Amino acid sequence: MSVPEIQAEELKQRLDQGENLFLLDVRDEYEYEISNIGGHLIPLAQLSKRLNELNAGEEIVAVCKMGPRGVKAVEYLQQHGFSKVSNLRGGIHAWSDKVDHKVRKY
């Protein structure tokens, strides 16, 4: 299954334009504390139990450290009826490299 992805620069532009995008951070809590871009934290391991916190009508962008967990989250959400989901390609590292160097890489 192909997973839709969004580049860090496009995400930044859309957020700056005021688009209502739900950032779903699927990293672990300790990672979120090190570095984040303000997303809603639901670690990937908890996603199945916390699905009720998400709105299938919203556009959701999954965020992780470098991309793979975001892909898994998008696949899981697609399997559960979410159609407007994408993965932040390259994750927090891409955001740090291309958008905001102050966001810490770890």
Filter the range 13-62 down to residues that are assigned to a helix (DSSP H, G or I), open to solvent by 50 Å² or more (accessible area, probe 1.4 Å) and charged (D, E, K, R), then give me how many there are. 4
Looking at (1) in a helix (DSSP H, G or I); (2) among the aliphatic types (A, V, I, L, M); (3) in contact with an Asp or Glu (Cβ under 7 Å, 6 or more places away or on another chain), which is the only condition Val3 fails? (1)
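Answer with yes or no whether Gln7 is closer than 20 Å to His101 by Cα and open to solvent by 60 Å² or more (accessible area, probe 1.4 Å).
Values: closer than 20 Å to His101 by Cα: yes; open to solvent by 60 Å² or more (accessible area, probe 1.4 Å): yes.
Taking the combined requirement at face value, the residue satisfies it.
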Number of the exception - Ser86 against (1) closer than 15 Å to Gln7 by Cβ; (2) in a helix (DSSP H, G or I); (3) among the hydroxyl-bearing types (Ser, Thr, Tyr): (2)
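When the range 63-81 is examined, which residues are found to be out of contact with any helix residue (DSSP H, G or I) (no Cβ under 7 Å at 6 or more places or on another chain) and not in a helix (DSSP H, G or I)? Give the derivation first.
So the first thing to find is which residues in the range 63-81 are out of contact with any helix residue (DSSP H, G or I) (no Cβ under 7 Å at 6 or more places or on another chain), and the list is 68, 71, 74-79, 81.
Residue satisfying the conditions is Gly81 alone.
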Being under 18 Å from Ser83 (Cβ atoms), of a type in the set (A, V, I, L, M, F, W, C) and over 10 Å from the mean Cα position of the chain (by Cα) is the filter here; which residues of the range 1-20 pass it? Met1, Val3
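The values are calculated or read from the model by the stated rules, or taken from the named source; none is laboratory data. All values reported here derive from a predicted model rather than from experimental measurement. Neighbour counts are summed over all protein chains in view; Cβ atoms, including those assigned to glycine, are modelled from backbone coordinates with ideal geometry. Heavy atoms of the whole protein, side chains included, go into the accessibility calculation; ligands, DNA and RNA do not. Shrake-Rupley method; radii C 1.70, N 1.55, O 1.52, S 1.80 Å.
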